[in-house]
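Remarks on the structure that follows.
The values are calculated or read from the model by the stated rules, or taken from the named source; none is laboratory data. What you see is a predicted model, and the numbers here were worked out from it, not measured in a lab. Because the Cβ atoms are built from the backbone with ideal geometry, glycine has one as well, and the counts that use them run over all protein chains shown. For the accessible areas, the whole protein counts, side chains as well, though only heavy atoms, and no ligand, DNA or RNA atoms are used. Shrake-Rupley method; radii C 1.70, N 1.55, O 1.52, S 1.80 Å.
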Amino acid sequence: FKEIYKRWYADCITDDTNANTKRQYEAAYNQCKALYNKKICDIKIIDMQKVLDNCQNGYQSVRRIKILLNRIYEYCIYHEFLRTNLAEKLQINVSSDETKRTRQEFSEAEINKLWKKSDNTSVRIALMLIYSGVRVSELLDLKISNVNMEEQIFFIENSKTKSGIRTVPIADKVLPFWKEFIRNSKCDYVLNNSFGKRLTYDNFKRNYWYPLMKEFGFDHVIHETRHTCISMLVAADVNHTIIKKIVGHNSK
């Protein structure tokens, strides 16, 4: 399975493939460790179903695993390695309702709690997200070359929408964090993992976000930092058109 995945990825994922799509496939593949060393012809439906059922990341993650497995099997059928797509029979046993929740912006009290422990790396990244309104994928993909510290701005060059390609201001309050991350970076990206490479979404969520929520007793998904920023800008009476430009929403 591992070899087939690598061949499929090399043949089907190109430089033009959306960065977020690449991350989703890679994250789904990381959930398939139980299949890595199995011959593709020996994998049973029950083997793949266990992978889906053992995933603890919610409906969307399970759905992406199923999508990846279907892509792998379609690739095998096309190249005549297999005749039947067993992945079509997989069941998603997680309710999509579990992913629906009322939007919960960070409260002022919660933000103040974060500031009191702003020497913590996870806290600093969370505050950078809150005070910029960017999607976490946009921050993780941000290269140092796209940051202008003198003008306190950074440029988002990869986005899933045309309006998402934009220039974003760096708030005075979090400017020191930006300077420190860039100064200590060991690669082309603003945020690095412990090995000095770009910090991936899975790594950030598992090793930074979840421990942060547990430590503070918060119940927030990462995307709520973005909603919080928008609410703060609205409360500050920032022009709505300007807000849309900052966060990358369509201004129409």
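Computed from label points 7 Å out along Cα-Cβ, the spacing between Val221 and Lys162 is 2.8 nm. Within the shell of other residues whose beta carbon sits under 15 angstrom from the beta carbon of Val190, the net charge comes to +3, with Lys and Arg scored +1 and Asp and Glu -1. Computed with a 1.4 Å probe over protein heavy atoms only, the accessible area of Lys113 comes to about 110 Å².
Under the 0.36 nm per residue contour assumption, what length would be gained going from the current alpha-carbon distance of Thr84 and Ile242 to full extension? Provide the component values of the computation, followed by the final result.
On the way: separation 158, 0.36 × 158 = 56.88 nm, distance 5.26 nm.
Going from the current span to full extension adds 51.6 nm.
Of all accessible surface on the chain at a 1.4 Å probe, what whole percent is carbon and sulfur? Taking all protein chains in place, the chain shows 47 percent carbon and sulfur surface.
Among Ser118, Ser145, the sequence by solvent-accessible area, most first, with a 1.4 Å probe is Ser145, Ser118.
Taking chymotrypsin sites (Phe, Trp or Tyr not before Pro) that fall in a DSSP loop and have at most 14 other Cβ atoms within 10 Å as cut points, what is the longest piece of the chain between them?
Numbers: sites that count: Tyr36, Phe81, Phe195.
Between exposed loop sites, the widest span is 82-194.
For the chain, the convex hull drawn through the C-alpha positions has a volume of 154 cubic angstrom per residue.
In a fully extended conformation the segment linking Asn54 and Lys2 would gain 16.8 nm over its present Cα-Cα distance, using 0.36 nm per residue.
Accessible area per residue for the chain, computed on protein heavy atoms with a 1.4 Å probe, is 58 Å².
Accessible area per residue was computed with a 1.4 Å probe on protein heavy atoms; His240 scores about 120 Å². Rolling a 1.4 Å probe across all protein chains gives Thr84 an accessible area of roughly 80 Å².
Each label was represented as a point 7 Å from its Cα along the Cα-to-Cβ direction; for Ser145 and Lys44 these points are 5.1 nm apart.
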